[in-house]
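Here's the structure, in structure tokens; my notes come after.
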Amino acid sequence: MDGREGVLIILLNYKNWQDTIECLDSLRKLQSVPFHILLIDNGSQDSSVAEICGWASGKFNMSTVPGNRNPADIARQCILPETKVREDIEPVLIIVENQENAGFAAGCNQGIQIALSAGMEYVWLLNNDTVVEPSSLCKLVSFLDNNPSCQAVTPQIRYYNKPSVIWNCGGELKWYGARTYYLLNHSAEQLSGKDSLDVTFVTGCSLLLRSSLLEKHGGLSEKFFFGEEDFEFCLRMKKNNIRMSCCLGALIYHKVSASVDNASSKFLNKVYVHYVNRFINLRDYWPRLFWLFWRLCYCIFIYDLLGRKYNISRRDKVAFIRRLRLDSSLLPGVDRERFFAIMNDVDYISKR
């Protein structure tokens with residue numbers, strides 16, 4: 001032990017205060033483990049902060065701070081006055097108000113810097129559209145305490161609307177640039193007698209991390225404004241032989257996002273962002289010749305998929321692949337500016 005204590009739970013809110021309040025309400029019932037909550041409002045510019053503050057009044061030791069404050073100052077003002085996090089005090093809820101949406105990775109990294117400045121032992125990245133079982137955090141922390149070689153742990157995640165069905169228990173990075181979820185859509189009754197699974201893929205939905213890991217290897221990549229940050233994180237962990245696990249006894253429920261609406265005028269742009277993110281990500285991890293060969297093969301797969309799954313015309317499929325090859329070769333990432341340039345331009349893919 002290095003003197004660190006407690007867990008900082010990091011939630012992001014963006015115009016979704018109803019789910020955030022339900023998540024916070026479940027966090028109030030957590031058992032045994034001392035923790036504080038850092039809620040980062042990522043530039044909602046609606047009534048989110050007022051709604052959350054109104055609900056949380058009297059339930060938490062609450063403070064709000066502007067997002068342009070230095071992380072060390074926020075830690076000193078809002079967390080360190082409580083000294084070490086103890087079980088005999090109410091959790092602190094710190095609400096950080098950002099002026100713009102910098103993306104999921106940037107918001108999480110902002111929270112991670114505050115956690116490190118406050119000397120927290122663990123950081124729990126948690127989606128605001130989740131509901132947690134009271135024992136979940138206790139079991140996750142106990143798992144890391146009892147498995148010193150493990151640096152990050154995810155719980156068993158079930159569907160919020162189908163609470164007896166598993167969404168995932170972590171997963172595996174595949175050699176061909178994809179990932180699979182363990183126990184996807186399995187009934188909870190089908191769980192084996194195992195207490196845990198070693199995994200090479202975890203989602204950002206719920207992930208407990210040692211602060212020492214974050215200090216050494218950093219947080220989430222900000223090259224990607226929307227998506228891909230968890231895939232990049234797992235690639236980095238695998239490259240550095242970092243052990244990650246799923247603690248099957250820890251349980252949360254997730255309001256899993258619906259699939260892409262292919263009736264939307266922008267659905268193809270969203271599909272495009274997913275693939276260009278992945279291509280750029282793997283370009284920076286794989287040998288150049290292997291990546292070029294893989295890209296050729298994957299472009300053939302995508303060309304077929306666009307017609308088979310989305311009924312895209314031959315002309316649009318050719319434009320999609322042409323643009324994908326160009327951007328994946330030249331772009332350093334898909335940052336906020338590039339993301340909105342793609343999403344707000346229905347002709348982006350067809351432009352030369």
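Derivation of every value follows stated rules applied to the coordinates shown; laboratory data play no part. From a predicted model like this one, the values you see are computed outputs, not experimental measurements. Note that we place each Cβ from the backbone using ideal geometry, even for glycine, and neighbour counts take in every protein chain shown.
For the chain, averaging the sequence separation of C-alpha pairs within contact (under 8 Å, six or more residues apart) and dividing by the residue count gives a relative contact order of 17 percent.
For Asn61, the amide hydrogen comes within under 5 Å of the amide hydrogens of Leu93, counting only partners 5 or more places away or on other chains and with H modelled in the peptide plane.
For segment 127-205, the square roots a ≥ b ≥ c of the C-alpha gyration tensor eigenvalues yield an a/c under 1.5, which makes the shape rounded. Placing +1 on the Cβ of every Lys and Arg and -1 on the Cβ of every Asp and Glu, with nothing else charged, gives the chain a dipole about its Cα centre of roughly 1780 debye. Full extension of the chain between Leu305 and Met343 yields a length gain of 11.6 nm, computed as 0.36 nm times the residue separation minus the alpha carbon distance. Which of the residue pairs Lys15/Lys255; Lys239/Lys317; Lys174/Lys266; Lys216/Lys239; Lys139/Lys174 have a Cα-Cα distance greater than 22 Å in the structure shown? In this structure, Lys239/Lys317; Lys174/Lys266; Lys139/Lys174 lie more than 22 Å apart at Cα. Counting only residues at least eight positions apart within a chain, or on another chain, the aspartates and glutamates with an alpha carbon under 20 Å from that of Lys194 are Glu133, Asp145, Glu172.
Look at the alpha carbon pairs under 8 Å that are at least 6 residues apart: their mean separation over the length of segment 201-296 gives a relative contact order of 26 percent.
Maximal additional length on extending the Thr64-Val165 stretch stands at 32.6 nm, based on 0.36 nm per residue less the C-alpha distance.
Taking the Cα centre of segment 126-259 as origin and assigning +1 to Lys and Arg Cβ atoms and -1 to Asp and Glu Cβ atoms, the resulting dipole is close to 220 debye. Listed by number, the DSSP H helices of the chain that run 27 Å or longer by alpha-carbon position along their axis and have mean Kyte hydropathy of at least -1.0 are 288-310. When the Cα positions of Asn241, Gln45, Ser32 are compared along the charge dipole of segment 7-254, Asn241 comes out farthest toward the positive end, with charges on each C-beta of Lys, Arg, Asp and Glu. Residue separation of Ser313 and Arg288 scaled by 0.36 nm, minus their Cα-Cα distance, works out to 5.9 nm of gained length.
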